[in-house]
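Following: one structure in structure tokens, then a few remarks.
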Ligand SMILES: C=C1C[C@]23C[C@@]1(O)CC[C@H]2[C@@]12CCC[C@@](C)(C(=O)O1)[C@H]2[C@@H]3C(=O)O
Ligand SMILES: O=C(O)CCC(=O)C(=O)O
Ligand SMILES: [Fe+2]
């Protein structure tokens with residue numbers, strides 16, 4: 001992970017800073033600052049022809065995201081099918097102990113149930129990566145989201161000490177164990193996904209890469225909401241990762257956009273994890289495996305918690321379509337880009353980021369000239 005990532009997301013002119021950090025539980029009505037009167041998809045114009053998702057209407061579908069048992073002998077084929085057709089799947093028998101998942105969930109609940117003033121002591125600084133705050137993409141939207149987040153890259157100690165000056169070691173131990181386990185699983189899943197494209201480890205040459213694959217944790221909290229139909233938990237986005245592994249508690253809310261059908265809810269399955277293709281894997285696969293557009297909706301009665309493990313390549317490695325996947329009939333669709341650079345592009349241009357690193361896209365300059373919200 002880039003050691004420092006600029007958080008230079010553009011400020012929206014209608015940014016309601018005074019309502020940015022809410023004490024959600026004290027509210028009986030949805031404040032105007034959080035009422036999404038237009039469809040949230042209006043804010044996600046389709047810009048990348050290969051990632052066409054957003055054009056679809058805001059309808060819903062009852063189709064189910066594939067569930068794959070990692071011990072199944074056909075797992076490789078199933079993963080390939082899911083990545084190509086959905087960009088997301090759920091996994092069971094992944095090797096992460098249920099007790100660890102529950103411990104991380106409890107740690108997250110403990111954190112978010114602190115008084116707002118205490119959480120703000122660990123607020124993410126404007127140019128920082130880790131800490132408490134609203135979703136980074138918030139500044140691209142005219143309304144605030146009904147959620148709060150906590151990002152951890154590297155050691156959780158510095159932030160945890162701010163939250164619990166007298167006893168943060170348990171939080172750190174749980175988070176660190178989760179980071180170790182998730183990193184291992186993410187590596188295994190990445191090679192499985194690449195394997196489904198006929199790519200072996202020796203086909204991937206990242207000579208001169210300094211550092212290792214890295215990951216971070218994003219804890220998301222979605223309090224029960226007095227007017228869920230007009231609120232948005234986390235607006236539609238793709239992840240800037242290679243892949244993301246998401247644990248969700250037993251409350252539904254995650255929706256993925258299914259090409260041509262609409263939003264499909266990813267039903268929580270006890271012990272299962274959701275795996276989604278991120279933008280960098282989309283680039284590596286030369287667009288064969290799309291990074292899925294997803295969002296989180298909220299509900300009237302249940303608090304929802306999700307924990308995303310954001311997995312990326314060594315920070316300085318230029319990521320580009322894998323040579324085995326390009327040829328005369330399949331020209332490379334994206335230029336090389338490092339994770340650090342891509343995060344910067346995403347921070348400035350959000351949903352246009354993928355299109356901006358696309359080759360043969362004569363519209364790139366025009367995109368930059370346009371309104372980036
Ligand atoms: C590495 C990163 C990906 C992320 C931005 C970040 O620097 C840390 C937080 C990540 C997250 C999590 C919630 C959704 C998202 C779009 C956001 O606003 O912050 C992602 C960012 C991303 O994938 O682009
Ligand atoms: O809460 C969820 O289900 C989605 C979270 C998410 O998309 C993210 O953290 O990137
Ligand atoms: Fe996401």
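With label points built 7 Å along Cα→Cβ from the Cα atoms of residue 205 and residue 229, find their separation and express it in nm.
Here the modelled spin labels are 5.9 nm apart.
If I take every Cα pair under 8 Å that is 6 or more residues apart in the range 66-357, average their sequence separation and divide by the length, what percent do I get for the relative contact order?
Relative contact order here is 21 percent.
So if each residue of separation counts as 0.36 nm, and I subtract the Cα-Cα distance between residue 261 and residue 35, what length gain in nm does that give?
78.8 nm
Could you estimate the translational diffusion coefficient of the range 237-344 from the Stokes-Einstein equation, with Rh from the Kirkwood formula over C-alpha pairs, at 4 °C and 1.567 mPa s, in whole µm²/s?
Answer from the Stokes-Einstein relation: 85 µm²/s.
At 37 °C and a viscosity of 0.692 mPa s, what translational diffusion coefficient does Stokes-Einstein give for the range 145-296, taking Rh as the Kirkwood radius over Cα pairs? Give it in µm²/s as a whole number.
186 µm²/s
Calculate the FRET efficiency for residue 110 and residue 61 from the Cβ-Cβ distance with a Förster distance of 51 Å, rounded to the nearest 0.05. Let's see the in-between values first.
Numbers: r = 36 Å, r/R0 = 0.70.
So, using R0 = 51 Å, E works out to roughly 0.90.
Of 206, 146, 263, how do they rank once you tally other Cβ atoms within 10 Å and put the fewest first?
Sorted ascending by nearby Cβ count, the order is 206, 263, 146.
Starting from the Cα-Cα distance between residue 348 and residue 316, subtract it from 0.36 nm times their residue separation and give me the gain in nm to one decimal.
9.6 nm
Modelling each spin label as a point 7 Å along the Cα-to-Cβ direction, I'd like the residue 27/residue 177 distance in nm, to one decimal.
About 3.5 nm, to one decimal.
Just want to confirm a number: the relative contact order over the range 131-230, from Cα pairs under 8 angstrom separated by 6+ residues, in percent.
Once divided by the residue count of the range 131-230, the mean separation gives 38 percent.
Sort 259, 29 so that the residue with the fewest other Cβ atoms within 10 Å of its own Cβ comes first and the one with the most comes last.
Listed from fewest to most nearby Cβ atoms, that is 29, 259.
When a footprinting reagent is the concern and you count Cβ atoms within 10 Å, what order do 283, 199 take, fewest first?
199, 283
State log₁₀ I(q)/I(0) for the range 66-357 at q = 0.09, 0.16 Å⁻¹ as given by the Debye formula over alpha-carbon point scatterers of equal weight, solvent excluded.
Log10 of I(q)/I(0), two decimals: -0.42, -1.42.
Taking every pair of alpha-carbon atoms in the range 136-181, what share in percent sits in each 10 Å bin, from 0 to the bin with the longest distance?
23, 38, 27, 13
How many nm is it between the label spots at residue 326 and residue 300, if each spot is 7 Å from the Cα in line with the beta carbon?
5.3 nm
Only the coordinates and a few stated rules stand behind these numbers; no lab work does. All values derive from a computational prediction rather than experimental measurement. In this analysis, Cβ positions are derived from the backbone assuming ideal geometry, glycine residues included, and neighbour counts consider all displayed protein chains.
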